[in-house]
1. Would you mind finding the one in 59, 71 that is modelled with pLDDT under 85 and outside any loop (DSSP other than H, G, I, E, B)?
2. Does at least one position in region 68-80 carry a residue that is more than 15 Å from the chain's Cα centre (by Cα), surrounded by 10 or more Cβ atoms within 10 Å (Cβ to Cβ) and in contact (Cβ under 8 Å) with a residue 40 or more places away in the chain?
């Protein structure tokens, strides 16, 4: 049976950059809403809408990741079954 190499993970630099980028974007959004001219209820509405957008995007990314990982597991199981059938099959064996 062949050994499959797992896909390479992201580098530490990429992971740090994504965390920093996320923090900077949230900070800029919060500062923009805080210093926006207008009534406090308008700023509060935008803040709640922004939080909803952030949490729903995180949920969407987790769902997409989970679906991708689930399809990879099913494909691996199917491939392992197929390889087992190929290794057990003897073309020169007389039919029973």
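1. Numbers: 59 fails: modelled with pLDDT under 85.
Sole residue among the options that is modelled with pLDDT under 85 and outside any loop (DSSP other than H, G, I, E, B): 71.
2. The answer is yes, given that some residue of region 68-80 is more than 15 Å from the chain's Cα centre (by Cα), surrounded by 10 or more Cβ atoms within 10 Å (Cβ to Cβ) and in contact (Cβ under 8 Å) with a residue 40 or more places away in the chain.
The values are calculated or read from the model by the stated rules, or taken from the named source; none is laboratory data. Not measured: the values here are computed from a predicted model. Methodologically, a virtual Cβ is constructed for each residue, glycine included, from the backbone with ideal geometry; neighbour enumeration extends over all protein chains shown.
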